[in-house]
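S.K.: Pasting a structure below so you can have a look.
The values are calculated or read from the model by the stated rules, or taken from the named source; none is laboratory data. Not measured: the values here are computed from a predicted model. Using ideal geometry, Cβ is built from the backbone for each residue, glycine included, and neighbour counts are taken over all protein chains shown.
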Amino acid sequence: MFELVTITSIVVNLDEAGWETMTLSEGWDIKEQIRHLSYYENRAKLAASNPEAFKQWFEEMRQDPNTMTRHMETTGKDLTAGETLEWWRKERRALLEVLSKMDRKERLPWYGPALSAMSFATARLMETWAHGQDIVDALGIRRKPTERLRHIAHLGVSTLVGDIHG
């Protein structure tokens, strides 16, 4: 939740021009970064709250990769900056509510292999941090490193060790 609060505190007072500030991700402004997070929080909430519905949706989308891309690129596109921020807050809170009631080892479907609820939550945190970093970089803000990101560091090290040692 801390990453949500941190990024929200940065973007909440931006004017429209501020939301249109381009980030280092090609073609993405700040609003697009938050919209992207909102979309995937929504999909994550579906995967956690109704795994079978997520699997069915994903299978339908996979039939035509262009359909999946269009769905992701257009959902929420017409929202204002304020509406996009509220969408993200709502989806993140709902996802955290669902995840908080799960066994940390329970497996959840996702776009790749199924993940444990704990790894799923860590992956969402990593995604939030990464897009948040794009935002703060675009605005020229420097965030102080803290222990709040140890989960992300652990995920990165574990992935690297797995890649090296197979």
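S.K.: For region 26-65, give me each residue that is under 19 Å from residue 130 (Cα atoms) and among the hydrophobic types (A, V, I, L, M, F, W, C).
M.R.: Of everything in region 26-65, those that are under 19 Å from residue 130 (Cα atoms) and among the hydrophobic types (A, V, I, L, M, F, W, C) turn out to be 28, 30, 34, 37, 44.
S.K.: Has region 138-158 got at least one residue that is surrounded by 14 or more Cβ atoms within 10 Å (Cβ to Cβ), within 17 Å of residue 37 (Cα to Cα) and more than 17 Å from the chain's Cα centre (by Cα)?
M.R.: There is at least one residue in region 138-158 that is surrounded by 14 or more Cβ atoms within 10 Å (Cβ to Cβ), within 17 Å of residue 37 (Cα to Cα) and more than 17 Å from the chain's Cα centre (by Cα).
S.K.: Are there any helices (runs of 4 or more DSSP H) wholly within region 1-83 with 2 or more residues that are among the hydrophobic types (A, V, I, L, M, F, W, C) and closer than 25 Å to residue 100 by Cβ, and if so which? Can you show your working first?
M.R.: Numbers: elements: 2-11, 16-19, 30-49, 51-62, 65-74.
In region 1-83, the matching helices (runs of 4 or more DSSP H) lie at 2-11, 30-49, 51-62.
S.K.: Follow-up. If the Cβ limit is 7 Å and pairs must be 6+ apart or interchain, which residue in region 27-55 that is closer than 22 Å to residue 10 by Cβ pairs with which residue that is outside any helix (DSSP H, G or I) and β-branched (Val, Ile, Thr)?
M.R.: Qualifying pairs under 7 Å: 29/21; 29/23; 30/21; 30/23; 33/23; 39/75.
S.K.: Do we have residue 124 as part of a helix (DSSP H, G or I), over 23 Å from residue 14 (Cβ atoms), under 15 Å from the mean Cα position of the chain (by Cα) and not small (Gly, Ala, Ser) here?
M.R.: Spelling it out, residue 124 is indeed part of a helix (DSSP H, G or I), over 23 Å from residue 14 (Cβ atoms), under 15 Å from the mean Cα position of the chain (by Cα) and not small (Gly, Ala, Ser).
S.K.: Further question on the same structure: Since residue 92 meets every condition but one in (1) surrounded by 12 or more Cβ atoms within 10 Å (Cβ to Cβ); (2) at pLDDT 90 or above; (3) within 28 Å of residue 27 (Cβ to Cβ); (4) over 16 Å from the mean Cα position of the chain (by Cα), which condition does it not meet?
M.R.: Tallying (1) surrounded by 12 or more Cβ atoms within 10 Å (Cβ to Cβ); (2) at pLDDT 90 or above; (3) within 28 Å of residue 27 (Cβ to Cβ); (4) over 16 Å from the mean Cα position of the chain (by Cα), residue 92 fails exactly one: (4).
So that you can scan it fast, the table gives a plain yes or no per residue for (1) at pLDDT 95 or above; (2) under 20 Å from residue 125 (Cβ atoms); (3) more than 13 Å from the chain's Cα centre (by Cα):
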| site | (1), (2), (3) |
| --- | --- |
| 6 | no, yes, yes |
| 34 | yes, yes, no |
| 54 | yes, yes, yes |
| 58 | yes, no, yes |
| 66 | no, no, yes |
| 73 | no, no, yes |
| 79 | yes, no, yes |
